[in-house]
Amino acid sequence: MARNEARLRQLKTELEKAKGTAVYYVAADLSTSEGVAELLQYVHANQWHVTYLVNNAGFGDYGPFVERSMEKYAEMLQLNIVSLTELTHHFARSMVQRGKGRILNVASTAGLQPDPYFAVYGATKAYVISLTEALHKELEHTGVTTTVLSPGPTQTEFMARADMAEAKLYAAGVMTAAEVARIGFRGMMAGKLHVIPGLKNRIMGFFSSITPPGHLRLAVAAGIMGKKNGSHATPAVH
Ligand SMILES: NC(=O)c1ccc[n+]([C@@H]2O[C@H](COP(=O)([O-])OP(=O)(O)OC[C@H]3O[C@@H](n4cnc5c(N)ncnc54)[C@H](OP(=O)(O)O)[C@@H]3O)[C@@H](O)[C@H]2O)c1
């Protein structure tokens, strides 16, 4: 499931060749309700029972809140929160009916505390963490598990799409997508509650969890979310 059909088609060919298994895809935009409906319709038309759901699609937008576009934020809220919730709700229902299923929701270490200069993205991922952890408890004894994966900086197209070339976050070492995916997959299969890949990310997550909400935590987060060449200028709106 992604928007770029050519890349999906290529991936299908590669995976079918390498693994000898059938691969299906839907090319649609999950930041629209039409895109979500298209996916659900495809699953329904094929009469598939979905046993594993991975809500991975998401994006961020870096920079001072008042300088960035509200249109982009609305698209982000729709993709990172609304569509993820709709898909989780839809498939969790049928999984519970069948007494079997695994859901992996991809959040971020950005969701472990508020993030100045990445405020909306961090808030969407805090939502994903909260929702997925709550459902993990609600669904115990149903045969269905929900796992939340919170990666730190990872080598993908995310950084460029989020306009983060100037952020120092990615200068201090990143994990590969394959490493993160493997750890997330294992965590989902083991029915874990919350998986944070990488020791550095786990240590930062731990400190975030023991630092009380307030000015100190915000100051540390603002430092981490700073630019490579100094701090953000006072926001300007033209
Ligand atoms: N990379 C990081 O540093 C990092 C850290 C923490 C968490 N994460 C999270 O990890 C997840 C995966 O991101 P990534 O790092 O792999 O970024 P990415 O390289 O930009 O990949 C995003 C994937 O989601 C798909 N996608 C994006 N928007 C979509 C839409 N509107 N509808 C359908 N599919 C869409 C993209 O395909 P198309 O563009 O073809 O649609 C692509 O397959 C995201 O939830 C992100 O927030 C990333």
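The values are calculated or read from the model by the stated rules, or taken from the named source; none is laboratory data. Keep in mind that what you see is a predicted model, and the values were worked out from it rather than measured. All Cβ positions, even for glycine, are placed from backbone atoms using ideal geometry, and neighbour counts span all protein chains on display.
Structure above, values below:
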| read-out | value |
| --- | --- |
| Every residue from the range 63-107 that is over 20 Å from the mean Cα position of the chain (by Cα) and crowded, with 21+ Cβ neighbours inside 10 Å | Met95 |
| Test set (1) closer than 23 Å to Arg68 by Cβ; (2) within 18 Å of the chain's Cα centre (by Cα); (3) within 12 Å of the ligand (Cβ to nearest atom) - Ala167 fails condition number | (2) |
| Unique match (being modelled with pLDDT of 95 or more and of a type outside the set (Ser, Thr, Tyr)) among Ala190, Ala233, Ala172, Ala165 | Ala190 |
| Test: residue in the range 219-234 that is within 22 Å of Ala162 (Cα to Cα), in a helix (DSSP H, G or I) and within 17 Å of the chain's Cα centre (by Cα) | no |
| Residues (surrounded by 11 or more Cβ atoms within 10 Å (Cβ to Cβ) and near the ligand (Cβ under 9 Å from one of its atoms)) located in the range 4-25 | Glu5, Arg7, Leu8 |
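The rows are residues; the columns are (1) among the aromatic types (Phe, Trp, Tyr); (2) in contact (Cβ under 8 Å) with a residue 12 or more places away in the chain; (3) within 14 Å of the ligand (Cβ to nearest atom).
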site	(1), (2), (3)
Ala2	no, yes, yes
Gln47	no, no, no
Asn55	no, yes, yes
Pro64	no, yes, no
Ser69	no, no, no
Ala74	no, no, yes
Ile81	no, yes, yes
Leu84	no, yes, yes
